[in-house]
Amino acid sequence: MTSNSPFRLGRRTVLAATTAVAAASLGCVLTRPLLAAQPGAGFDPALLDRAIKRAAGLDQIHALVIGRNGAVVSAEAFRGPAVNRAVNVKSVSKSIAASLAGIAIDRGVLRGVDVPLAEAAPGLVPAGVDPRVRRITIADLLTMQAGLEPTSGPGYGRWINSRNWVVDALRRPFVTEPGARMLYSTGSYHLLGAALSSASGRSLLSLARDWLGEPLGIDVPSWTRDPQGFYLGGNNMALSPLDLFRFGELWRQGGLWNGRQVISAAWVEASWVPRTRSPFSGDDYGYGWSLATAKGHRIAYARGYGGQMLYLVPSLGLTVVVTSDPGRPARSDGHVGLLNALLTDAIIPAAEMA
């Protein structure tokens, strides 16, 4: 599942990584929760200014936050809400849900990624489903390789209008065998979130606030729930760009925040190992993260509809948050491609030339 093509506009990308490489690339560890904004620190000032002006010229962008080694060097809302206001991060929610799954495994709430959904949360699987449903594992949900007909794209409206989102997702026909390939589907992450809730006896909102919100000092507002009360596992969570930056920093540090291991380093390493490939971008995908390379640097990124992006470049200590108009599409050869090019052709060089 690998390619040698670079991460740039209009090209498919891949991260040829291993667990050992991921461990080596975690970057510097912060000594404080979040350093105060230091304009230009760690960047070539002229190139950074050029990058910010380039971002401002992209009419779908709402806000841009750039930080290096924990210090926010630029945080600006070009249009839309301020950088400290919560916004819908769309499918970046999947990376957050994957983080909660890792913490659940760290804490023994889930036994591991190879456990079948039917064992982790037996009450979720309805009678009369295809026997292959019982082979779907937590890893299959994390990598969207359940094999079931996707609930995203054309099937999304029918899915969210169903009476039971979990049952509807599990009763869809199989397109391929479990674990065979990635079929982008928010339903897989909704099943993951429902499994976390069932196994822990707590809502996904409660887990997100307790396991991520409290240690990071960020606000996690309530978001969409299904008819049975399960919070949507892979979409519509809201965080401010500055709070999303903190979440990114947690991952860039290998799960460590202010001296506290919030997510185990082992889970970070495992999440950044390529396990499948996106049929849309061509990039590799781990547990909740897309993986790529650019200019010799390994990149992990979270992506949401409309151009909600969280980029991590551990070798440069770089964390970049972009929020965009959530109502406009953003394809890999469109707005997201422009954002990728902004990172690779403008922001990364500004860090390299410092």
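Here are some notes:
- Test: residue in the range 333-348 that is assigned to a loop (DSSP other than H, G, I, E, B) and touching a helix residue (DSSP H, G or I) at 6+ places or on another chain (Cβ under 9 Å): no
- S206 small (G, A, S), surrounded by fewer than 20 Cβ atoms within 10 Å (Cβ to Cβ) and in a helix (DSSP H, G or I): yes
- Taken over the range 81-122, residues that are touching a residue at least 12 places away in the same chain (Cβ under 8 Å), on the phi > 0 side of the Ramachandran plot and over 18 Å from the mean Cα position of the chain (by Cα) amount to 1.
- Comparison of G213, G233 shows that the only residue that is at pLDDT 95 or above and touching a His at 6+ places or on another chain (Cβ under 6 Å) is G233.
- Checking each residue in the range 277-295 for being among the hydroxyl-bearing types (S, T, Y) and over 15 Å from the mean Cα position of the chain (by Cα) picks out only T293.
- Any hit, the range 57-80, residues being touching a residue at least 12 places away in the same chain (Cβ under 8 Å), out of contact with any strand residue (DSSP E or B) (no Cβ under 7 Å at 6 or more places or on another chain) and either buried (at least 23 other Cβ atoms within 10 Å of the Cβ) or under 30 Å from R225 (Cβ atoms) (or both): no
- Residues of the range 158-185 classified as under 21 Å from V92 (Cβ atoms) and either at pLDDT below 95 or in contact with a Lys or Arg (Cβ under 8 Å, 6 or more places away or on another chain) (or both), total: 1
- Subset of the range 306-331 [in contact with a strand residue (DSSP E or B) (Cβ under 9 Å, 6 or more places away or on another chain) and of a type outside the set (A, V, I, L, M)]: G306, G307, Q308, Y311, P314, S315, G317, T319, T323, S324, D325, P326
- When residues of the range 259-279 are limited to those that are of a type in the set (S, T, N, Q) and more than 28 Å from P150 (Cα to Cα), the one most open to solvent (accessible area, probe 1.4 Å): Q261
- The single residue among G229, G282, G233 that is assigned to a loop (DSSP other than H, G, I, E, B) and buried (at least 24 other Cβ atoms within 10 Å of the Cβ) turns out to be G233.
- Selection from the range 96-150 of residues that are within 26 Å of L244 (Cα to Cα) and of a type in the set (V, I, T): I96, I103, I105, V109, V113, I138, T143
- Applying the condition of being part of a helix (DSSP H, G or I) and in contact with a helix residue (DSSP H, G or I) (Cβ under 6 Å, 6 or more places away or on another chain) to the range 297-332 and asking which residue is farthest from D283 (Cα to Cα) yields L316.
- Looking only at the range 150-197, and only at residues there that are assigned to a loop (DSSP other than H, G, I, E, B) and open to solvent by 60 Å² or more (accessible area, probe 1.4 Å), the one that is farthest from L117 (Cα to Cα): N161
- For A86, the test of being within 27 Å of T319 (Cβ to Cβ), at pLDDT 95 or above, out of contact with any helix residue (DSSP H, G or I) (no Cβ under 6 Å at 6 or more places or on another chain) and open to solvent by 10 Å² or more (accessible area, probe 1.4 Å) is passed.
- Every condition in (1) touching a helix residue (DSSP H, G or I) at 6+ places or on another chain (Cβ under 7 Å); (2) modelled with pLDDT of 95 or more; (3) open to solvent by less than 20 Å² (accessible area, probe 1.4 Å) holds for A294 except the one numbered (2).
- Among the residues listed as W251, W211, the single one being in a helix (DSSP H, G or I), open to solvent by less than 20 Å² (accessible area, probe 1.4 Å), touching a strand residue (DSSP E or B) at 6+ places or on another chain (Cβ under 8 Å) and of a type in the set (F, W, Y): W251
The values are calculated or read from the model by the stated rules, or taken from the named source; none is laboratory data. Values in this document were obtained by computation on a predicted structure and should not be read as measured data. With ideal geometry, Cβ positions are generated from the backbone for all residues, glycine too; neighbour counts draw on all protein chains shown. The area values use the complete protein model at the heavy-atom level, side chains included, leaving out ligands, DNA and RNA. Shrake-Rupley method; radii C 1.70, N 1.55, O 1.52, S 1.80 Å.
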